[in-house]
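Trainee: Right, I'll just put the structure down here and ask away after.
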Amino acid sequence: MFKEYYGFSKNPFDKQSLSVKDAFHSKDYKETTGRLSYLNGTRGIGVFTAAPGFGKTYALRCFAQALDKNLNEIAYICLSTVSVTEFYRQLCAAFGIDAAYGKPAMFRAIQDRLYHLFKEKRRPLMLVCDEAHEYSAAILKDIKMIMNHEYDSLNCFTLVLAGEPHLNRTLEKPVHEALRQRVAIHYTFSGLSDSETEQYLLHKLRIAGAAESVLGEGSIAAIVGYAHGCPRILDNLMTEAFKLGAQLEKPSLDTDTIMAAANSLALA
C-alpha cells in the first residue's frame, strides 16, 4: 500500500527487491569488496566479521555475483552447527563430489578437486563459509589441513570465513594459532556512520524513484538515533514507518511517525 501512496517503484528497504547495481557503497562495503578482490588474486584465508544485520553477507553476495564465472569458481555454505563429517559432506556437495565414503576419502577428493580447479582448469575456487563463528574447534582444525597443498607451499583456493565478532576471539585461542597465522586478510564491520546513514536513506529513495521530501524535518535524526548504524534495523524501521505514514495519510514522515514505527517494531 505505501508504495503506491508515496510513488515508490518498489520497496527499496526490502533486500529481495535489490540487485547488485543497487548496492550502497558504504565504507564497510568498499573495504570488504576491496579486500576480497585482493584475496581472490593472491588466494589464502580471509576473515570477515560483523554484528548481525551489518550487511556482511550482502557484501559477500554482491562480490560473488560480480565475479567473472569463466575465471572463477564460487561455493557458499552457511550451515555451521554440524559435525566434522557433516562439514566434509557439505564441501563435497558444493564441489560436486560423491560423499558416500568416509572422511579420509572425502578429504583426498576435496584436495584433488581444489588442485584440479587451480592447476588444470585455471579457475581457482573461492569458498565462502558463512556463520563460521559456530564452527567447532575440530572443524577449524580440519580447515587448516585442507589448505595444505604440496608441503604447505601452495595456496590452491581462497577461503572466506565470515561470522559474528566472537569468531575473532575463537581464532585467538592457542589451539587455533596455526590457522590464525594463515589469515591474510582480516576485516571487522563498523556499521554505518551518522552521515552514511543519511546517504543510505537518500540512496534507497532514489532507487525507488521517490522524492527526498518524503522525509520530513527531524526524521533523519530520529532514524539515525534508532538504527545505530545497522542497515537491517534501518530497513525494518523505514518499511514500518512508511506503512504507518500511508495509513495516517502523511505526505512525509515526521519524528512522531518514526518513533511510532520504532515502538511498533519493539513490540513485535
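The values are calculated or read from the model by the stated rules, or taken from the named source; none is laboratory data. For clarity, every value in this text was computed on a predicted model and none was experimentally measured. Neighbour counts are summed over all protein chains in view; Cβ atoms, including those assigned to glycine, are modelled from backbone coordinates with ideal geometry. Surface areas here come from the heavy atoms of the whole protein model, side chains and all, with no ligands, DNA or RNA. Shrake-Rupley method; radii C 1.70, N 1.55, O 1.52, S 1.80 Å.
Trainee: Can you tell which of Gly55, Gly44, Gly96 shows the greatest fluctuation in a Gaussian network model of the chain with Cα springs below 10 Å?
Mentor: Taking springs between Cα atoms under 10 Å, the residue moving most is Gly96.
Trainee: Along each of its three principal axes, how wide is the spread of alpha-carbon positions in segment 126-268, in whole angstrom units, largest first?
Mentor: On the principal axes, segment 126-268 reaches 68, 31, 22 Å in Cα extent.
Trainee: Could you identify which residue out of Gln247, Gln16, Gln90 has the top mean-square fluctuation in a GNM of the chain using Cα springs shorter than 10 Å?
Mentor: Highest fluctuation of the listed residues: Gln16.
Trainee: For a quick size check, give me the Cα extents of segment 49-124 along its three principal axes, largest first, whole Å.
Mentor: 39, 32, 16
Trainee: Still on this model: Given R₀ = 45 Å, what would the calculated FRET efficiency be for Val84 paired with His25, taking r from the Cβ atoms and rounding to 0.05?
Mentor: Efficiency, rounded to the nearest 0.05: 0.70.
Trainee: Right, another one. Would you mind computing, in nm to one decimal, how far apart the modelled labels at Ala266 and Tyr5 are, each placed 7 Å from Cα along Cα→Cβ?
Mentor: That separation, rounded to one decimal, is 2.2 nm.
Trainee: Let me ask you something else. For segment 215-260, just the Cα set please: Rg and Dmax, both in angstrom.
Mentor: Using the Cα atoms of segment 215-260, the pair Rg, Dmax is 9.8, 28 Å.
Trainee: Quick one: pull the percent of accessible area on the chain belonging to carbon and sulfur, 1.4 Å probe, ligands and nucleic acids left out.
Mentor: C and S atoms contribute 52 percent here.
Trainee: I've got another one for you. Taking R0 as 25 Å, what's the FRET efficiency between Lys173 and Asn148 from their Cβ-Cβ distance, rounded to 0.05?
Mentor: About 0.80, to the nearest 0.05.
Trainee: What nm distance separates the two modelled labels at Arg206 and Asp256, each placed 7 Å from Cα along Cα→Cβ?
Mentor: 3.2
Trainee: So with the 1.4 Å probe, I'd like the accessible area per residue for segment 158-253, rounded to whole Å².
Mentor: Accessible surface, normalised per residue, equals 47 Å².
Trainee: Quick one: if you stick a label point 7 Å off each Cα along the C-beta vector at His166 and Arg182, how many nm between them?
Mentor: That separation, rounded to one decimal, is 2.4 nm.
Trainee: Would you list, by chain and number, the lysines whose Cα falls below 24 Å from the Cα of Lys30, excluding same-chain residues fewer than 8 positions away?
Mentor: Qualifying lysines at Cα under 24 Å: Lys15, Lys21, Lys56, Lys69, Lys204.
Trainee: Let me ask something else about it. Give me the dipole magnitude in Debye, nearest 20, for the chain about the Cα centre, with unit charges on the beta carbon: positive for Lys and Arg, negative for Asp and Glu.
Mentor: Around 1040 debye, computed over the chain.
Trainee: Using a cut-off of 20 Å between alpha-carbon atoms, which aspartates and glutamates can reach Lys119, once sequence neighbours fewer than 8 places away in the same chain are excluded?
Mentor: Of all the aspartates and glutamates, those that pass the test against Lys119 - Cα under 20 Å, at least 8 places apart if same chain - are Asp68, Glu73, Glu150, Asp152.
Trainee: For the chain, list log₁₀ I(q)/I(0) at each q in 0.09, 0.10, 0.11, 0.15 Å⁻¹, using the Debye formula over Cα point scatterers of equal strength and ignoring solvent, two decimals each.
Mentor: The calculated log intensity ratios at q = 0.09, 0.10, 0.11, 0.15 Å⁻¹ are -0.51, -0.60, -0.70, -1.03.
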